[in-house]
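Any read-out appearing in this document is the output of simple, stated calculations on the displayed coordinates, not a laboratory observation. If you're wondering where the values come from, they're calculated on a predicted model, not measured in any experiment. Neighbour counts are summed over all protein chains in view; Cβ atoms, including those assigned to glycine, are modelled from backbone coordinates with ideal geometry.
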Amino acid sequence: MRFTNTAILSFRYNPAEDGRIITITTVLLDEPGVLQALISGLSEHGANILTVNQNIPVNGAAAVQISARTGMIQAGLDNLIEDLRSIEGVVSLEQILGE
């Protein structure tokens, strides 16, 4: 197979555009919609999710780590963390990296 119309895209990394990046670690109940509710909560606050890493559930709960860009959050990180902790099915949630 021969490719004739290929394009190479390059992007310059600009740390100023990244804003603040946080990483949270959480334990979620193994129930439908819990991870979706957590992701929706991040989105509703204006966070842009960069990575999600979920472990296989053990004894009805799974560890999940999420990194997100938070430069667009207006209400502050403390409010974001508090709101995420209040989501039904979130067993624990800690901010491990970021401002």
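Of note:
- Global geometry of segment 39-99, whether rounded, prolate or oblate, following the gyration tensor of its Cα atoms and the 1.5 cut on a/c: prolate
- Distance between the modelled labels on R20 and Q95, one decimal in nanometres: 0.5 nm (7 Å Cα→Cβ projection).
- Legend: calculated FRET efficiency, N59 to N79, from the Cβ-Cβ distance at R0 = 25 Å, rounded to 0.05, equals 0.20.
- Summed residue charge, Cβ within 12 Å of G60's Cβ, Lys/Arg positive, Asp/Glu negative: -2
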